[in-house]
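The block underneath contains the structure these notes are about, expressed in structure tokens.
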Amino acid sequence: MPRSPRAARRAAKPGPPHDTASLRAAITAARLPGSPPQVTEQARALLLGWLDPSRTFADALRDLSSGEAARAIGLALLDRTPEPPGLDCKSGCAFCCILPGDDGGTVTAAEARTLHAALIPLQGTPDGTQWHPQACPALDPATRLCRAYAARPMICRTYVSRDVTACEAIAEGHAKPGTGTLPAQIITITVHALARAALHGTTPVHTYNLRAIATAALRGTPAPDALKSARHSPKSLDAERRRLARGLTRGAG
């Protein structure tokens, strides 16, 4: 009995990657509905470039699933990105460190572990919520300076503003132009989404709640337990990817 077209497509679909060659093929074939094609293709090219022949399959699997690959690619891109002119960012402003919304700021496992390690020595100390109830716990409430600045994730590194009053308004839930994110942020999230699509059926690729990780570290919660409690639902990565894409579209308009 001949196969239906749907059954034929299922039979032709490659299985989960099992070596570097099949991983490259899976990354090449991965699709991300809702992402601007130019963003997806730039992220794909950078990810395939990262997956060089000297990297073992086991190492690649580990770094893709943890988000270490996405972070490395994002940081390299950020290093090549000139700072936009006319920024109004100042030390101690901290309105960009207010984290409204349920996701608490989207970070990868690699970023979550790095942030946790930087904050765990400060357990029991006052945190940013003593300045603002939705502030990142990594803030020093007195100085409004980040106490984990060197370990801050990409979401923090890429936020920029030409108007500090816009940051304050947005932090209080009022839309006002003047802020944005550098391209490295959407590329990082898109690379991580491509990794998840490519590794489907092989190993999970999660995202985590930045605020929850920082809170857990300052309470002295061990890293494995902190990550477990701060893990996002599977839909959160795509939601963040689409949110950034909408911002990119508005900026282009």
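Here are a few things to note about the model shown:
- Whole-Å semi-axes of the stretch 80-142's equivalent ellipsoid (Cα gyration tensor): 22, 17, 13
- Rounded to 10°, Cα long-axis angle of helix 20-29 versus longest principal axis of the chain: 80
- Positive-end ranking of Gly220, Pro177, His206 along the dipole of the stretch 174-253, with charges on Cβ about the Cα centre, is headed by Pro177.
- Here the chain is assigned +1 on the Cβ of each Lys and Arg and -1 on the Cβ of each Asp and Glu. Its dipole about the Cα centre then comes out at about 1000 debye.
- For the chain, convex hull volume per residue from C-alpha positions, Å³: 147
- 0 to 90° range, to nearest 10: angle between helix 37-50 axis and the chain longest Cα axis: 80
- Along the axis of the charge dipole computed for the stretch 19-252 (Cβ charges of +1 for Lys and Arg, -1 for Asp and Glu, origin at the Cα centre), the listed residues His232, His116, Ile27 are led at the positive end by Ile27.
- Per-residue [θ]222 nm for the chain (sum of -39500 (n - 2.57) over DSSP H runs n ≥ 4, rounded to 500): -15000 deg cm²/dmol
- Cβ crowding within 10 Å, taken as a proxy for footprinting-reagent exposure, orders Arg31, Arg162 from fewest neighbours to most as Arg31, Arg162.
- Proxy reagent accessibility, fewest Cβ within 10 Å first, across Thr81, Thr215: Thr81, Thr215
- Counted charge near Ala198, where neighbours are those whose Cβ lies closer than 12 Å (Asp, Glu -1; Lys, Arg +1): +4
- Listing Phe95, Phe57 from fewest to most neighbouring C-beta atoms within 10 Å gives Phe57, Phe95.
Here, each number is a calculation from the coordinates, and none is a lab measurement. This is a predicted model, so every value here is computed, not measured. All Cβ positions, even for glycine, are placed from backbone atoms using ideal geometry, and neighbour counts span all protein chains on display.
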